[in-house]
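S.K.: Got a structure here, written out as structure tokens. Questions coming.
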Amino acid sequence: MNSVDGTYKSAMDITDKFIRYIAKEYTVSVPSDCEGKIYIRSTMVLKNGKYEVKIDRDAFVSDIKSFVEKNIDKIIKNTLGTTSSVGLDAMAKIAGYKDYADMKQKILEQVTTSVESINTSSLESSGTYTVSGNNITFKSAADIMPGTVDNFGNITVEAVVKDPDAKKLLESDKITMIYKKAA
């Protein structure tokens, strides 16, 4: 096998997991016709037996904000069970807002504040790696993560997720990322 040194990129679509997460955590009813995608984007650099994995936190946060902004009306209307502007204003007033526009704005502000506090560092890692045939093993100070290298040079890695919020969002205590060599 040739050297695996290089820079690799991975993007995992977690849109469906995000929808289930917010439906459960915030008791909202998310319709199936939402627009946009949410990805966890990651870069892995392998060099001389050492590795480093970084998550593009800013892109992740941007994806979430964009998704919520594009779909906020659909989500609120689906959750409240009405599309009537009179009904929406009435429900917003009952909930303590001036009107529907005020409620929508306040919800978007809450989402922005919440999303800005996202910390992806628990998904990042660095350490050493070894390759044996098609198997690659990553060792950090805290973990040993198995992986495989396919015939195209793509590297699949399975990592343990320790952060409780990340476990809820990803619906698992493990995450599998497929890395492709960057051009």
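The values are calculated or read from the model by the stated rules, or taken from the named source; none is laboratory data. Computed from a prediction, not measured in an experiment: that's the story for all the values here. Please note: Cβ atoms are built from the backbone with ideal geometry, for glycine as well, and neighbour counts cover all protein chains shown. Keep in mind that these areas ignore ligands, DNA and RNA; they rest on the heavy atoms of the full protein, side chains included. Shrake-Rupley method; radii C 1.70, N 1.55, O 1.52, S 1.80 Å.
S.K.: Most fluctuating residue of 94, 14, 38 in a GNM of the chain with Cα springs under 10 Å: which is it?
M.R.: 94
S.K.: Find out how many positive minus negative residues lie around residue 14, taking Lys and Arg as positive, Asp and Glu as negative, among other residues whose Cβ is under 11 Å from that of residue 14.
M.R.: 0
S.K.: Another question about this same structure. HN-Hα J couplings of the stretch 137-145 from phi, Karplus 6.51/-1.76/1.60, θ = phi - 60°, integer Hz, Gly and Pro as x?
M.R.: Result, ordered by residue: 10, 9, 10, 10, 4, 10, 9, 10, 10 Hz.
S.K.: Apply 1/(1 + (r/R0)^6) to the Cβ-Cβ distance of residue 112 and residue 182, taking R0 = 30 Å, and write down the FRET efficiency to the nearest 0.05.
M.R.: For R0 = 30 Å, the calculated efficiency reads 0.45.
S.K.: For a quick check, take a GNM of the chain with Cα springs below 10 Å and name the residue from 133, 153, 36 with the largest mean-square fluctuation.
M.R.: Most flexible of the set in this elastic network: 133.
S.K.: For the chain, taking Cα atoms only, what is the radius of gyration to one decimal and the Dmax to the nearest whole Å?
M.R.: 20.4, 67
S.K.: Give me the percent of the accessible area of the chain that comes from carbon and sulfur atoms, probe 1.4 Å, all protein chains in place.
M.R.: Heavy-atom surface of the chain belonging to carbon and sulfur, 1.4 Å probe: 51 percent.
S.K.: With a 10 Å cut-off between alpha carbons and a GNM built on the chain, which of 83, 120, 112 moves the most?
M.R.: The residue that fluctuates most here is 83.
S.K.: Taking amide H positions as placed in the peptide plane 1.01 Å from N, state which residues far from residue 29 in sequence (5 or more) or on other chains have amide H under 5 Å from it.
M.R.: Counting only residues 5 or more places away or on other chains, the set is 79.
S.K.: Roughly how many nanometres apart are two label points built 7 Å out from the Cα toward the Cβ at residue 33 and residue 152?
M.R.: Here the answer is 3.4 nm between the modelled labels.
S.K.: Quick one, can you get me the convex hull of the C-alpha atoms of the stretch 19-63 expressed as volume per residue in Å³?
M.R.: In the stretch 19-63, the Cα hull volume divided by residue count equals 101 Å³.
S.K.: In debye to the nearest 20, how big a dipole does the chain give about its Cα centre with +1 on each Lys and Arg Cβ and -1 on each Asp and Glu Cβ?
M.R.: 160 debye
S.K.: Given a 1.4 Å probe, how much area per residue of the chain is accessible, in Å²?
M.R.: On a per-residue basis, 58 Å².
S.K.: Ok, one more. For the stretch 104-110, what does the Karplus curve 6.51 cos²θ - 1.76 cosθ + 1.60, with θ = phi - 60°, yield as ³J(HN,Hα) per residue in whole Hz, taken in order and with x for Gly and Pro?
M.R.: 4, 4, 5, 5, 4, 5, 5
S.K.: I want to verify the translational diffusion coefficient of the stretch 112-170 in µm²/s; compute it with Stokes-Einstein, Rh as the Kirkwood radius over Cα pairs, at 4 °C and 1.567 mPa s.
M.R.: Reported coefficient: 98 µm²/s.
S.K.: For residue 51, enumerate residues with amide H under 5 Å from its amide H, sequence gap 5+ or separate chain, H modeled in the peptide plane.
M.R.: Hits under the 5 Å cutoff: 127, 128, 129.
S.K.: With an 8 Å cut-off on Cα pairs and a minimum separation of 6 or more residues, tell me the relative contact order of the chain in percent.
M.R.: So the answer I get is 23 percent.
S.K.: Could you please put 163, 16 in sequence from largest to smallest accessible area, using a 1.4 Å probe?
M.R.: So, going from the largest accessible area down, we get 16, 163.
S.K.: From the phi angles alone, apply the Karplus equation (6.51, -1.76, 1.60; θ = phi - 60°) to the stretch 19-36 and give each ³J(HN,Hα) in whole Hz, x where the residue is Gly or Pro.
M.R.: Using θ = phi - 60°, the values come out as 4, 5, 4, 5, 4, 6, 6, 10, 6, 10, 9, 8, x, 7, 9, 5, 9, x Hz.
S.K.: Next question, about the same structure. Students often get this wrong, so check it: of 139/162; 139/168; 24/180; 106/168; 54/139, which have C-alpha atoms separated by over 23 Å?
M.R.: Beyond 23 Å: 139/168; 24/180; 106/168.
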